[in-house]
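Enquirer: Could you have a look at this structure, given as structure tokens, before my questions?
What follows is calculated from the coordinates using simple rules that are stated; it is not laboratory data. In this text, all values refer to a predicted model and were calculated from it rather than measured experimentally. Note that we place each Cβ from the backbone using ideal geometry, even for glycine, and neighbour counts take in every protein chain shown.
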Amino acid sequence: MSDVSFTPPYAGEPVLERRWDALGAQSDRAIVIAACALLAAVTIVRAVVAARLPLTGDEAYYWEWSRRLAAGYADHPPAIALAIAAFAWLGTSPFAVRLPMIVCGIGTALAAAGAASTLAQNRRAGVLTLLAIALTPMANVAFAEASPDGPFALCWALSLFFAAKVHRDKRASWFVLLGIALGGALLSRLFGLALLAGVLASDARNRRTWAACGIALLIWAPFLFWNAAHH
């Protein structure tokens, strides 16, 4: 009696799993590319609007701040003035004044997406977050006109991203970057104090989180001294 080869059931299952994994990876890449394309389209629209509309009174006020840099101002911390001053080499057109906010919009969407992906361990969570940031109506206001909301949103998103990295990764560089991002948030709006408290409460047992908050307060200190000197 001749031997008959026998193929066990599900012998091809590992191959099928690999194929499904490959299809899933391709699908994820397509979704990421589509989301980035949408962010690019939204950014172009913001840039066109920023170039066409004249500056408002508040925007001109912040632009005047950028010409007289200081550690603080009567209404807000100095981040908005520093952001506008960083692009002063482009001139004094409305687009040049608003360009830092457009850049902040791109950075905010990417950093928030990175935070969501890191926390959820899922790329699609990051894509959904990117879409939410890009399509939120108020985001188009914050990232198309010169206001403290642009730098604050960017530093807020970066703080969440670096906080997620500090929680999951033990590399020392993350807590330094977290401290810088939190400091930037404090120098953008006083609401940054709530963000600092939230980050600290979320991982209070981690000494690096405390160190990051210490770095943030050191960055914020010149603004406090400025306020004390100006009553």
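Enquirer: Test of the criteria: in region 179-230, which trypsin sites (Lys or Arg not before Pro) are in a DSSP loop and have at most 14 other Cβ atoms within 10 angstrom of their Cβ?
Expert: Listed in order of number, the matching sites are Arg205.
Enquirer: Cα centroid distance between region 138-185 and region 26-83, in Å?
Expert: Region 138-185 and region 26-83 have Cα centres spaced 15 Å from each other.
Enquirer: Which net charge results when you count Lys and Arg as +1 and Asp and Glu as -1 among the other residues whose beta-carbon is under 12 Å from that of Thr56?
Expert: Details: positive: Arg98; negative: Asp58, Glu59, Glu145.
In short, -2.
Enquirer: Can you tell me the relative contact order of region 114-231? Whole percent, Cα pairs under 8 Å, sequence separation 6 or more.
Expert: Working: 121 pairs, mean separation 26.8, N = 118.
Taking the mean separation of contacting Cα pairs over the length of region 114-231, I get 23 percent.
Enquirer: Could you tell me which label, among (i) 39.1; (ii) 19.8; (iii) 18.5, carries the value of Kirkwood radius over Cα pairs in Å calculated for this structure?
Expert: For Kirkwood radius over Cα pairs in Å, the calculated option is (ii).
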